[in-house]
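The structure under discussion appears below in the form of structure tokens.
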């Protein structure tokens with residue numbers, strides 16, 4: 001399955017996918033930290049933790065690796081939150097060393113749009129302004145792998161049961 005629609009290493013990175021799951025379920029997979037740690041990253045379940053403050057101006061952080069030598073994470077701030085329609089956020093790669101040094105890439109921008117198609121959902125992602133071609137290659141392949149893992153998560157996980165008083 002191929003999700004990457006742009007040239008490898010090009011700017012912007014464009015990734016699209018069609019998911020056989022309802023819009024609300026797909027959107028939740030993008031906005032619920034417990035769901036994100038199950039599909040996002042170089043391989044499913046490889047992320048250490050995720051935190052999300054899902055509001056305009058809210059921050060998100062995905063810790064990809066953590067040990068005695070430091071921590072590697074992705075982070076950013078939401079600029080648009082339109083539930084089940086669109087998310088826009090900044091993105092940077094942060095390496096924090098045990099000695100206190102920090103290395104952070106310049107911010108890039110991600111826009112994700114969601115569109116219901118019957119009982120399924122189309123997701124379009126545009127990731128732009130990554131300055132280094134090598135960085136764009138890595139991010140493009142990372143999104144490709146993440147979308148593959150999202151397909152598996154949505155296929156293997158039954159939708160949540162909602163209960164209440166009627």
So which residues in segment 119-148 are part of a helix (DSSP H, G or I) and closer than 15 Å to residue 107 by Cα, if there are any at all?
133, 135, 136, 139
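So, in segment 89-109, exactly how many residues are in a strand (DSSP E or B) and in contact with a helix residue (DSSP H, G or I) (Cβ under 9 Å, 6 or more places away or on another chain)?
Step one: filter segment 89-109 for residues in a strand (DSSP E or B), giving 89-97, 102-104, 108-109.
Cutting the leftovers down to in contact with a helix residue (DSSP H, G or I) (Cβ under 9 Å, 6 or more places away or on another chain) gives us 91, 93, 108.
Count: 3.
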Contact list please: Cβ distance under 8 Å, first residue in segment 31-44 and surrounded by fewer than 18 Cβ atoms within 10 Å (Cβ to Cβ), second residue part of a loop (DSSP other than H, G, I, E, B) and at pLDDT below 95, pairs at least six apart or on different chains.
none
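Quick one: would you say residue 80 is within 18 Å of residue 61 (Cα to Cα), within 15 Å of the chain's Cα centre (by Cα), loosely packed, with under 15 Cβ neighbours inside 10 Å and at pLDDT 95 or above? Can you show your working first?
Numbers: within 18 Å of residue 61 (Cα to Cα): yes; within 15 Å of the chain's Cα centre (by Cα): yes; loosely packed, with under 15 Cβ neighbours inside 10 Å: yes; at pLDDT 95 or above: yes.
Yes: the conditions hold for residue 80.
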For residues that are within 15 Å of the chain's Cα centre (by Cα) and not in a loop (DSSP other than H, G, I, E, B), scanning just segment 1-18, find the one that is nearest to residue 109 (Cα to Cα).
13
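The values are calculated or read from the model by the stated rules, or taken from the named source; none is laboratory data. Since we're looking at a predicted model, the values are computed, not measured. Positions of Cβ are backbone-derived with ideal geometry, glycine not excepted, and every protein chain shown enters the neighbour counts.
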